[in-house]
Amino acid sequence: MTNTLATTNIIAKAAVKILDNELGMGSRVFRGYEDEFSKNVNGYKVGDTVSIRKPAQFRVRTGLVASNQDVIEGKTAIQVNKVAGVDFQFSSTDLALNIGDLAERVIKPAMVPIANQIDQDLHACALQNFWNWVGTPGNTIANYGKFLAGVQRLNEMAVPSDERSAALSPADHVALLGNQAQLYIDGANTDAYRKAKLGGLAGVEPFMTQNAPTLTTGTRTNGTVNGAGQAVTYSGAQANSWGQTLNMAGLGAGGTIRAGEVFSIAGVQAVNPVTKQVLPYLQQFVATAAATADGTGNAAVQIAPAIITTGAYQTVSAAPAAGAVVTWNGAASSTFQQNLMFHRNALALVCVPFEKPAGVPTDQIGAQDYKGIHVMLVPYFDGPNRVSSWRLDVLYGVAAIDPRLGTRVSG
């Protein structure tokens, strides 16, 4: 086969396809917002943030008497504010290679860390926003029943049954593989034993990822709710947020809370998001931002979901009482692996093209897109040292567009 001159566009085209293939989480989340960023509004580009309408909710009426409900469409947002890139040098020998050889030797090794960075950002986004957590922190998912606990939680939260995925840490993946290999089910044990593949389980597609995040908890003690009357209503600015501020006490002087920590409150039960039926377990909440208690152990903590006790957007059975005990998932100052089970619409990834830089001839810039992934390859020259260099960049953003549709799973 004759060698092909590897121009910037050829390299960029190979790079974007390799990047798409290497994405783990990125291929399993919602990818439909790229077009929103390409729109012009009155001749102007939309900028780096796009608002997304949250689904409206309603309560059913029983009987003949009408009871009008206001249609409240809250909003959430996704911001393109992340850049992942690699910088490298090609020699004239490299550029003379067949593009297939160049892709294997140079381009693929460059794309792997970019794909990992995008996946890590998606995992971190889920960690900071998913409030459901089943299982015992620190335990691996050692059998099918432990895995099914995550499926049960998704079902209880009325999560659609299609397009469900589970991101498992290497340890949890291997533990579940070992269990599946012992099954006497035609095909299931063969794939688990010979191919190290789990296949679909209970309508969920599990996959192993080294990017599964860990959560290191703060130094907080259990604490209590500091004051009554901390429920909110779904209206105005509150409708544009999944959470609220909760005042806590008894966290210990200078006690810390890490973003992503999960807790429950005594007397505050979970409810089915559709029927509003009270469920037989406490509602879980996540700290969406880090917090540090003052010298008396008090702190104002950003949490999700919002505490809403009535109406179509109800999230809990009752508001917490003053002094209600707060119980955290996992001991203080400990690190726990975080496996994720989620519907595609829980998280979103958006990639948009860079503006082409001034000062570089357009025909020397490689800008390619593939399945919504955009990469830009720009050459530049170090005159004093006579070195030709290349930079490859990806501009993207991630968001938890509906954190109700995901849960963490431990054994």
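The values are calculated or read from the model by the stated rules, or taken from the named source; none is laboratory data. Since we're looking at a predicted model, the values are computed, not measured. Heads up, the Cβs are rebuilt from the backbone with ideal geometry, glycines too, and the neighbour counts pull from every protein chain shown.
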query = How many residues, within the stretch 297-313, are among the aromatic types (F, W, Y) and closer than 18 Å to T219 by Cβ?
reply = 0
note = Considering the stretch 104-143, residues that are at pLDDT 95 or above and of a type in the set (G, A, S), and then whichever is surrounded by the fewest Cβ atoms within 10 Å (Cβ to Cβ), we arrive at G138
remark   = Pairing a residue in the stretch 236-247 that is over 17 Å from A300 (Cα atoms) with any residue that is of a type in the set (F, W, Y), where Cβ atoms lie under 9 Å and the two sit 6 or more apart in sequence or on different chains, gives A239/Y313
task = Considering only the stretch 226-271, state which residues are of a type in the set (S, T, N, Q) and modelled with pLDDT under 95.
result = T233, S235, Q238, N240, S241
message = Looking only at the stretch 1-22, how many residues end up being more than 13 Å from H374 (Cβ to Cβ), modelled with pLDDT of 85 or more and not polar (S, T, N, Q)?
response = 3
message = So for the stretch 313-332 (the condition being surrounded by fewer than 17 Cβ atoms within 10 Å (Cβ to Cβ) and not in a loop (DSSP other than H, G, I, E, B)), does at least one residue qualify?
response = yes
ask   = Does A304 satisfy being aliphatic (A, V, I, L, M), touching a Phe, Trp or Tyr at 6+ places or on another chain (Cβ under 8 Å) and over 25 Å from M111 (Cβ atoms)?
value = yes
